[in-house]
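Q: First, the structure itself, so that you have it in front of you.
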Amino acid sequence: MDGFETDQLLCKVAKGDNSAFEELYLKTSKGVYAFIYSYLKNAHDTEDALQTVYLKIKMNISSYRAGTNGRAWIFQIAKNQALTQIKQNSRVEDVEKSPSDGFAKTEITDAMQRVLTEEEQRIIVLHVLWGYKHREIATLLECPTGTVTSKYKRALEKMRDALKENV
């Protein structure tokens, strides 16, 4: 697929054309997958990153400038996601090696499932593990940024209380 065709599809996606988004995915995902895999060297992580890349394309399509290099724009998003995934993987490995404050990761997960609503769990996971900003989470969950921020703070307080009970 050439750059002109990619540009045309991205412009259609920007106008809300979901069939163009599907076509863009079908025509570019194999190349994007291979590109991400070159960073992550792991099929599972690459699949996760690939899905995030296309979610970010959809969420950030308004920042794409028509007539520019659409493939380069997509691959920049893919590169950034791959690097983010590498950082997250190293953070997870660090947590697994030395759980913070003496809590095992299963205790934290159990506490999350016990005391948080599904929405609060999503907000915590998206912010803490995936590194999304509150405004990005608000876009994903289709709610105001202030709501995400307050739910995040409330969820953290619930987690602190739940983990104190386990000490």
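Every number in this text was worked out from the coordinates using simple rules, so none of it is lab data. Note that the structure is a prediction, hence the values are computed from the model and not measured. FYI the Cβ positions are ideal-geometry reconstructions off the backbone, even for glycines, and counts take in every protein chain you see.
Q: Under the rule of -39500 (n - 2.57) per DSSP H run of 4 or more residues, summed and divided by the residues of the chain, what mean residue ellipticity at 222 nm is obtained, to the nearest 500 deg cm²/dmol? Mind showing how you got there, number by number?
A: Numbers: 8 runs with 127 residues, N = 167.
It comes out at -25000 deg cm²/dmol, rounded to the nearest 500.
Q: Please give the net charge around Ile57, taking every other residue with its beta carbon less than 15 angstrom from that of Ile57, where Lys and Arg add +1 and Asp and Glu add -1. Each step should come with its number before you reach the end.
A: On the way: positive: Lys12, Lys15, Lys27, Lys56, Lys58, Arg65, Arg71, Lys79; negative: Asp7, Asp17, Glu22, Glu23, Glu136.
Around Ile57, the surrounding residues sum to +3.
Q: Please report, in Å, the Rg and the Dmax of the chain, where both are computed over Cα atoms only.
A: Rg and Dmax of the chain, Cα atoms, are 18.7, 60 Å.
Q: Oh, and also: Counting Lys +1, Arg +1, Asp -1, Glu -1, what net charge surrounds His134 among other residues with beta carbon under 12 Å of its beta carbon?
A: Numbers: positive: Lys133, Arg135, Lys151, Lys153; negative: Glu136.
Around His134, the surrounding residues sum to +3.
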